[in-house]
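Just below is one structure, and these are the notes that go with it.
The values are calculated or read from the model by the stated rules, or taken from the named source; none is laboratory data. Predicted, not measured: the structure shown is a model, and the values here were computed from it. Neighbour counts run over all protein chains shown; Cβ positions are idealised from the backbone, glycine included. Side chains included, ligands, DNA and RNA excluded: accessible areas come from the protein's heavy atoms. Shrake-Rupley method; radii C 1.70, N 1.55, O 1.52, S 1.80 Å.
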Amino acid sequence: MSFVLSEDQQMLRDTAMAFARDEMPVTHLRELRDGGANGVDAEMRGKLAELGFFGVLVPEEHDGVGLGMVAMGQIMEAQGRTIAATPLLQTAVIGASVLILGGSEAQKAEWLPKIASGEVTVAVAVDEGTHHAPLNVATEAERNGQGYTLNGAKRFVADGHHADIFIVAARTFGEAGQAHGISLFLVPNDADGLSVQALNTVDSHGAAHLTLEDVAVSEDHVVGAVDAGWEVLEPALDRGRIALAAEALGSAQAAFDMTLEYMQTRKQFGQLIGSFQSLQHRAAKMFTELELTRSCVAAALSGVDENRNDVAELASLAKARASDLIHLVSNETVQFHGGIGMTDAHDSGLYMKRARVQEALLGGASYHRDRYAKLNGF
Amino acid sequence: MAFDAPEDLDEFRTSVRDWLEENCPPSMRTPLKDDEIVWGGTREKFKNPESKLWLERMGEQGWTAPEWPAKYGGGGLNKAQARILQQELRKIRARPALFSFGLWMFGPALLEFGNEEQKKRYIPDIVKGKTRWCQGYSEPGAGSDLAGLQTKCEDKGDHWLINGQKVWTSYADQADWIFCLVRTDKTVKHEGISFLVFDMETEGVEARPIKLISGSSPFCETFFTDVKVPKDQLVGELNAGWTIAKRLLQFERSSISAGGFGGTGGSGILPPQEYAKQHVGVDESGRVADGDLRARITEHLMYSKAFGLTVQRSTEEAKAGQEVGHTASIMKYAAAKMNQDKCELLVEALGTDGLGWDGDGFADDAKKATRGWLRSKGNSIEGGTSEINLNVVAKRVLGLREHQ
Ligand SMILES: Cc1cc2nc3c(=O)[nH]c(=O)nc-3n(C[C@H](O)[C@H](O)[C@H](O)COP(=O)(O)OP(=O)(O)OC[C@H]3O[C@@H](n4cnc5c(N)ncnc54)[C@H](O)[C@@H]3O)c2cc1C
């Protein structure tokens, strides 16, 4: 396991941090929100593409840069610092991973270059209930001549409101709860029978509910083996979870830094509030949690690149701890700021709103603790 | 048996392996039993004779202190070699040859602050486990506020004269020597402290054991009445002992968080999830039947994993030349929390089997877990309380200030 960045990774980190600070600061999210953009920004997507961020996981033969998860994690952490809305998690991490891990040569050749160039965005549509439960896929895919007919509904698909292509998990066999029988289908956003209901979400990033009514897809739109989509989906989701943990770590760090600065400037009773021990101890505990989570995220990122066999465990560790961390830090950020923390004009509320979405997506702390325990045999 | 460390690391590894194969007695490759821990010193009884042999052989090599200079009896190994030695020891599950405050705290401080004569005099015996040291820091009125200590030390021309009392002195009744903080100037607080060492056999030294809630009595009240200490046993400059004291505390804290904790459970104790499976039962899919307990055990396991990864990360960052003071300072606090949570969970998972004290009717491992749980309460007190550690993090790492 490697915890120290290579020169390439460090360079990418610096670029990503500078980009987030200069081009996607929190004020930018505010502008998008107030302008009703619902987290969608075509111009920014172009800039991210120019920097090569969409192709970080895509191998060079498919026009990507193939730098791996550690590198991707640096970008996600940077975007987390400013709680920026980008399609990177769904497109560059999960979508790209599904295709890299399960796509046919033709699918890879068709889609990966488009992902890497930022030409298409992808959203992976799995969950059907209000809590992450990827095994509980009930959407039906019925064999129909040379293709399949999809019927079902997907809830709260992140980036679903502006994705060009969906990767839809549907059932070709068995019933909700089983891994075997899940298959993955590429569905363009203009497919007949697909309706996309855009959602205004608390974090201003947006999402969508999908309804599939007799959506016809051809055989060559199946990614991975029929009935065995889980073998592709699970590792791809794990990469997403790790990347999202990196993002949440970035948000927690930024919210913590902001809080620390306030502690060193705000005076009450003639004293800096940072000199009150009850706050100092809570800050020191948050710092401890931050450092411990940073180690977990770093281990999980490098675990993917090293092809370790405990990636699932590391992913759940990173996501659970990051979820708990961002929950704690975002609450304390509001509390430490007092009344000003409750105002819309202050950033602390924005961090708390994004925190709840970061927690819920791809499984919260409870989901991942349960998974971690199972993976450890109890 | 003399060991000439080869330059080449592969060769070094091979020769370490050969040496261990030949010199590590069979029973020293089994899990350490609590009553076979070797603390060395003149009072050591060596319940298992092979542990004596093991200490002698390791001490001869200087491998109880692998990175200390060879001229003081240390191993003289560089970092890479020391790591290989650790790996090879771990591979054969070798017991630590020696537990020692001398190795963990006093030795490292003396190497930094002692004069040549003192290093030559004290270090070799620490390495070989011939002298056992205790730590005379805390006093009845000076615990967290250690610099408020009052034990009086007067310059009597040809010797120092000491009067006062220490408390919580771990193993003072078993120790040969003490490293001790004394007041040499009453008019200033931090700048009036000196660092002194002396023989516990000196006239006027008395150690009275205090019993702990876990039933054992590892520490003492220690009284000094007109104790005469030779002049050359002052370490560092007069009135400049506080710097040494603080540095030594750093060594203490990092040795505590690196796993030197009492109450970790010891050998034979299963991890909490195993006790939970046995005593609470499992549902049809093999999960611990009590979902809340299962979740809390998992949370603890994740915390431990995060802790372990953080230790690994700071080691790597240090190797890469990065600043690691950040992580080092949170580790004592985190280690105490981790160990205490584990001990609580063990007792809870054991159910009423975890509520025994002694005698029949309770399994040995269960009784050990119970005693360990009680002992673990000291983790957030010894070596500086968790509150004091959080103060240090807030002030030194986060840059938060004192009240003005
Ligand atoms: C198992 C064990 C082994 C030990 N071994 C040794 C030894 O070998 N040698 C030795 O010299 N000492 C030893 N000690 C003593 C130990 O270092 C002290 O107990 C410790 O520093 C606390 O001091 P105190 O007991 O006087 O508590 P106090 O300082 O009186 O503290 C009481 C409570 O007040 C809190 N508190 C105090 N000041 C502050 C503050 N500024 N901010 C917030 N909270 C504060 C503390 O955290 C604690 O909760 C040992 C202790 C234990 C438990």
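Annotations
- Under a 5 Å amide H cut-off, with hydrogens placed 1.01 Å from N, A:G364 pairs with A:H132 among residues at least 5 apart or on other chains.
- Cα-based shape type of the protein assembly as shown, given that a ≥ b ≥ c are square roots of the gyration tensor eigenvalues and the cut on a/c is 1.5: prolate
- Near A:G338, once Lys and Arg are set to +1 and Asp and Glu to -1 for all other residues with Cβ below 13 Å from its Cβ, the sum equals +1.
- Chain B: most fluctuating residue of B:G192, B:G359, B:G268 per GNM, C-alpha cutoff 10 Å: B:G359
- Length gained on full extension, A:V226 to A:E142: 29.1 nm, using 0.36 nm per residue less the C-alpha separation.
- Given charges at Cβ of Lys, Arg, Asp, Glu: the protein assembly as shown dipole, positive-most of A:T91, B:S380, A:L249: B:S380
- Of the residues A:P87, A:P59, A:P134, the one that moves most in a GNM of chain A with alpha-carbon contacts below 10 Å is A:P59.
- Prolate/oblate/rounded label for the stretch B:41-109 (Cα gyration tensor, a/c 1.5): oblate
- Taking each DSSP H run with n ≥ 4 as -39500 (n - 2.57) and averaging over every residue of chain B yields -13000 deg cm²/dmol at 222 nm.
- Within straight-line cross-link reach of B:K128, aspartates and glutamates at Cα separation under 15 Å, skipping those fewer than 8 residues along the same chain: B:E44, B:E56, B:E60, B:E67, B:D176
- Separation of the stretch A:41-82 from the stretch B:380-400 is 40 Å, based on Cα centroids.
- All lysines inside 18 Å of B:K33 as judged from Cα atoms, apart from same-chain residues fewer than 8 positions distant: B:K45, B:K47, B:K52, B:K367, B:K368
- Accessible-area composition of the stretch B:154-288, carbon plus sulfur, in percent [1.4 Å probe]: 49 percent
- The slack between B:S217 and B:K91, meaning 0.36 nm per residue of separation minus the straight C-alpha distance, is 42.0 nm.
- Entry for the stretch A:337-378 at q = 0.18 Å⁻¹: log10 I(q)/I(0) = -0.61, Debye formula applied to identical alpha-carbon scatterers, no solvent contribution.
- Ordering B:V16, B:P96, B:N48 by the projection of their Cα atoms onto the charge dipole of the stretch B:1-159, which places +1 on the Cβ of Lys and Arg and -1 on the Cβ of Asp and Glu, puts B:N48 at the extreme positive end.
- Options A:V357, B:L249, A:A18, ranked by Cα towards positive dipole end of the protein assembly as shown, top entry (Cβ charges): B:L249
- B:K33 exposes around 110 Å² of accessible area when a 1.4 Å probe is run over every protein chain in place.
- Lysines with Cα under 22 Å of B:K228, excluding same-chain neighbours fewer than 8 positions away: B:K119, B:K152, B:K156, B:K166, B:K186
- Once the mean of 1/r is taken over each pair of separate Cα atoms and inverted, chain B shows a Kirkwood hydrodynamic radius of 23.1 Å.
- Summing charges over neighbours of B:Q250, with a neighbour being any other residue whose Cβ is under 12 Å away from its Cβ, gives +3 when K and R count +1 and D and E count -1.
- Karplus-derived 3J(HN,Hα), 6.51/-1.76/1.60, for each residue of the stretch B:99-116, Hz, glycine and proline x: 9, 6, 5, x, 5, 7, 10, 5, x, x, 5, 5, 4, 7, 10, x, 8, 4
- Inter-label distance for B:K45 and A:M342, nm, one decimal - labels placed 7 Å from Cα along Cα-to-Cβ: 6.6 nm
- A versus B: buried accessible surface, summed, Å² (probe 1.4 Å, to nearest 100): 3700 Å²
- ³J(HN,Hα), Karplus 6.51/-1.76/1.60, whole Hz, each residue of the stretch B:374-389, x for Gly, Pro: 5, 5, 5, 4, x, 4, 8, 10, 5, x, x, 5, 4, 4, 5, 5
- Among B:W104, B:W357, B:W63, residue whose mean-square fluctuation peaks in a GNM of chain B (springs only between Cα atoms under 10 Å): B:W357
- Each Lys and Arg contributes +1 and each Asp and Glu -1, all at the Cβ; summed about the Cα centre of the protein assembly as shown, the dipole is approximately 2740 debye.
- Packing, as the average of other Cβ atoms within 10 Å across residues, places the peptides B:277-283, B:343-349, A:125-131, B:176-182 in the order B:176-182, B:343-349, A:125-131, B:277-283, highest first.
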